[in-house]
Amino acid sequence: MRNFLQKAAAFMNGRYGNDKLNTFIWVVAGVLYLINLFVRSPILVVIILLLILLAVLRALSTNINKRLYENNRFIGIFTAVSDFFKRQYMKVRDFKTHRYVRCPYCKAQLRLKKRTGVQHIHCPRCNEDFRKNILF
């Protein structure tokens, strides 16, 4: 067994390996596989196989710079999407106690205590002052 592990390590030397994009591809393939257990679609089988092939080829690639670039772009997009959904969750969670408004200058999203009427707001990002009428 030890000899096999040494050969596997020698084979992977200089290869890219696994990253967050590969993990995401494997998760998507797994979810599609679970969906396919109920749907039984041959098109879905082909898509699953292509995703698995893509993940394996990325892991075995020797073009490390290109794979790093792909992974960094994925992380940027994934972070933006996950941050959007986190902000939406916070808006729903804090609906009774806070209001969220955007700064008209820098477009930052600010969290204010729930008070109706005109509020004088100071943006901590751009240091600008503005007024906002909170209706409810």
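The values are calculated or read from the model by the stated rules, or taken from the named source; none is laboratory data. Predicted, not measured: the structure shown is a model, and the values here were computed from it. In this analysis, Cβ positions are derived from the backbone assuming ideal geometry, glycine residues included, and neighbour counts consider all displayed protein chains. Surface areas here come from the heavy atoms of the whole protein model, side chains and all, with no ligands, DNA or RNA. Shrake-Rupley method; radii C 1.70, N 1.55, O 1.52, S 1.80 Å.
Laid out as a table, the results:
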read-out	value
For segment 1-128: lysine pairs under 23 Å (alpha-carbon distance), excluding those fewer than 8 apart on one chain	11
Cβ-Cβ FRET estimate between residue 56 and residue 77, R0 fixed at 30 Å, reported to 0.05	0.85
Heavy-atom SASA rank of 120, 98 (probe 1.4 Å, accessible area, largest first)	120, 98
Within the chain, helix-based [θ] at 222 nm, where runs of 4 or more DSSP H residues each add -39,500 (n - 2.57), nearest 500	-20000 deg cm²/dmol
DSSP-loop chymotrypsin sites (Phe, Trp or Tyr not before Pro) across segment 50-125, with at most 12 other Cβ within 10 angstrom	95
Gain in span if fully extended, residue 49 to residue 120, counting 0.36 nm per residue against the direct Cα distance	19.9 nm
Efficiency of FRET from Cβ geometry, residue 39 and residue 86, R₀ 22 Å, rounded to 0.05	0.10
Helix axis angle, 20-39 relative to the chain longest principal axis, alpha carbon, degrees	80 degrees
Charged-residue dipole, Cβ positions (Lys, Arg, Asp, Glu), the chain about Cα centre, Debye nearest 20	580 debye
By accessible area with a 1.4 Å probe, ligands and nucleic acids excluded, highest first: order of 19, 83	83, 19
Relative contact order (percent, whole number), the chain, Cα cutoff 8 Å, 6+ residue spacing	17 percent
